[in-house]
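The values are calculated or read from the model by the stated rules, or taken from the named source; none is laboratory data. On a predicted model such as this, the values are computed, not experimentally measured, just so you know. Neighbour counts run over all protein chains shown; Cβ positions are idealised from the backbone, glycine included. These accessible areas exclude ligands, DNA and RNA; they are computed on the full protein's heavy atoms, side chains included. Shrake-Rupley method; radii C 1.70, N 1.55, O 1.52, S 1.80 Å.
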Amino acid sequence: MRGIAVLSGTSHQSLTHDICQRLGISQGSASLTKFSNQETNVFIGESVRDVDTYIVQSGCGNVNDNFIELLIMIAACRTASARKITAVIPLFPYSRQPETPYNKNGQITSRVPASEVDKFAVLNASAAKKAAHMPAVLEVPGSVVPADGGEITLAQPLHHRASTIRTESAVSIDGSRGRLSSISVSQPNIAVTSLAPLPPSENLVRLKGATQGTYKHWTARSGTLVANMLMAAGADHIITMDLHDPQFQGFFDIPVDNLYSQPLMIKYIKERIPNYRNAVIVSPDAGGAKRATVVADKLNVDFALIHKERRPTETPNVSDMILVGDVKDKVCILIDDIADTSFTITRAARILVENGATKIVALITHGIFSGDAIERINASDINEIIVSNTVPQDQNLAKCPKMRVIDIAPIFAEAIRRIHNGESVSFLFDAVPY
């Protein structure tokens, strides 16, 4: 291949070596060092002028240092007049921090901090008192607006014809709680909205898992920030695998190719798990149900789900893990994208064994295994755990006899080849390039 350079960051140099070996090219030269104060220094050791440059850096290990190192390498290649710069990020950093108003327990985050709730309660009370003394009809010059909304007639002066309009909304008092919701007089852009969370009410029926409040405005939008930093550094293209939250692709103004590990998983199941047609594909949580059903549908096997059910409001922080599906006397294959502390998959394995499963196999795309995750897996009911090498696994393999590694270098090498030659990448969504 001509006109291409593949450079490696410090996070996963063995993966870069395997990709270059698969492509039949030599790895690009780059010197990555740190000053005495731990600042990163990058020196590109070869010319990348008018060359398609691919920089391989995974979001593992010391995530912040590796990400800054990636940004500096991109900027260095941009300064060196590279034709196109593609960041190859097998494990995308910060992809587990969603931009939705929910915390890790699935509850909506509060819009108002606890220390400020009393202040907003006073504001609500005063607003309710003012609303109680308001007339049933709001008078606006040149018009009469009923408070209950509906069709009204304008009596305009200066010989204008009478016209009929419909009010958009009016004063709304939230029942017995006396909470002023909004005011709008024939104009939808005029509104007064309370920011305080709803006060408790004896007549309010709360559903399981329900909570109060809305979005926390002071929460950092890390996904957008990371995307902007990559683009500002000079990246023209992103290649990654199994984004934890697919909405991250929409944060970029440049192309993003999100590769899938499902073809590798399906290949492993067909070749390494005997009598897999009688197995059950299991998602350890509701968030990964779609990911697991893709594998189950392509293998034409049964599917099960472990659902976390919230307790009533008396014990809001306690939940029950409930199995949805039949796993009795069957081999269970757990499918998940990330294993960090391994709490999710080990608890799921225990529930499956309690419900009669004979063997537990876990297939994980990104095996981070922080803290004592390996010890937790060794002591769990999991019989075998298969992870990809988007994260270096050499040390974990030595500690965990249950672990096997599947190589994702051929997928990334084929993606780089196809992108460099202007070919379609969608072939890799359903096939393994062996």
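Per-structure values
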| item | result |
| --- | --- |
| Accessible area expressed per residue, segment 13-88, with surrounding protein chains retained (probe 1.4 Å, Å²) | 48 Å² |
| Estimated FRET transfer efficiency (Glu46, Glu375; beta-carbon r; R0 60 Å; 0.05) | 0.85 |
| In Å², nearest 10: area of Asp320 left accessible to a 1.4 Å probe | 60 Å² |
| For Asn275, net neighbour charge (Lys/Arg +1, Asp/Glu -1) across residues whose Cβ lies under 14 Å away | +2 |
| GluC sites (Glu not before Pro) lying in DSSP loop within segment 1-97, provided at most 16 other Cβ fall within 10 Å | Glu39, Glu46 |
| Stretch gain in nm, segment Asp430-Glu271, where the contour uses 0.36 nm per residue and the Cα spacing is subtracted | 55.6 nm |
| Carbon/sulfur fraction of accessible area - segment 231-353, other protein chains in place, 1.4 Å, % | 48 percent |
| Sites Ala232 and Glu354, calculated FRET efficiency, Cβ-Cβ separation with R0 41 Å, nearest 0.05 | 0.20 |
| Spin-label zone in segment 37-56 - amide nitrogen under 19 Å from a point set 7 Å from the Cα of Ala80 along the C-beta vector | 40-56 |
| Accessible solvent surface per residue of segment 220-292, calculated while the other protein chains remain in place, 1.4 angstrom probe, Å² | 42 Å² |
